[in-house]
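Nothing in this text is a laboratory measurement; each read-out follows from the coordinates by a stated rule. Quick caveat, the model's predicted, so the values are computed rather than measured. Cβ coordinates were reconstructed from backbone atoms using ideal geometry, including for glycine residues, and neighbour counts include every protein chain displayed.
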Amino acid sequence: MKVVLNANIAKIGFKGDVIDVKDGYYRNVLLPRNLAVPATKAASDLAAKRREKMVVEKEKLMANVKEVSAKLKGLKVEIPVKVTGKGTLYAALSQDEIIAAVRVASNIQLEKKFVKIPEHIKSLGDYTIDIDFGDKNVVSIVAKIVKA
């Protein structure tokens, strides 16, 4: 059965795509959650218009990503944390703490999904944190973890 997706669905497709799914999957999963509609002529035309609009939005988003990437490039943030007597953190550093430090340092609000921490940060020191905006737009910042 051919359907037009109303939302991005992991491993299935993106909003506006016309895909072929089994009847049962459509009836039991996609339809109740309003994730897809049958691919009629009108729905296919609407999907084409949505795709054109999404292309324009994606171009605007990419321009914004390049601007933010330029501001973040080479950024060094200092994050004060509570430590034990041995010099280790009470809890591993979270994405929220990095986002807050970046917001203070550069006035840029990041989303959690963009911040990629390579390993658990549980001690003081300098760490490289990747900010991945997708489509191979990755910026590295340096987070210096210091005793509060």
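Details
- Counting 0.36 nm for each residue step from residue 66 to residue 48 and taking away their Cα separation leaves a gain of 3.8 nm.
- Rounded Å value of the spacing that divides the Cα centres of region 128-148 and region 1-51: 36
- Across region 2-66, the relative contact order, built from alpha-carbon pairs under 8 Å that are at least six residues apart, equals 33 percent.
- For region 95-129, backbone nitrogen atoms closer than 20 Å to the point 7 Å from residue 84 Cα along Cα-to-C-beta are found at 119-126.
- Helix-only CD estimate at 222 nm, as mean residue ellipticity for the chain, using -39500 (n - 2.57) per DSSP H run (n ≥ 4): -10500 deg cm²/dmol
- Shown for region 2-66 is the translational diffusion coefficient from the Stokes-Einstein equation, using the Kirkwood radius over Cα pairs, a temperature of 25 °C and a viscosity of 0.890 mPa s: 196 µm²/s.
- Placing R0 at 30 angstrom, the Cβ-Cβ distance between residue 136 and residue 94 gives a FRET efficiency of 0.70 after rounding to 0.05.
- Relative contact order (percent, whole number), the chain, Cα cutoff 8 Å, 6+ residue spacing: 20
- Between helix 95-106 and the chain: long-axis angle, C-alpha atoms, 0 to 90°, nearest 10: 80
- For region 73-147, averaging the sequence separation of C-alpha pairs within contact (under 8 Å, six or more residues apart) and dividing by the residue count gives a relative contact order of 40 percent.
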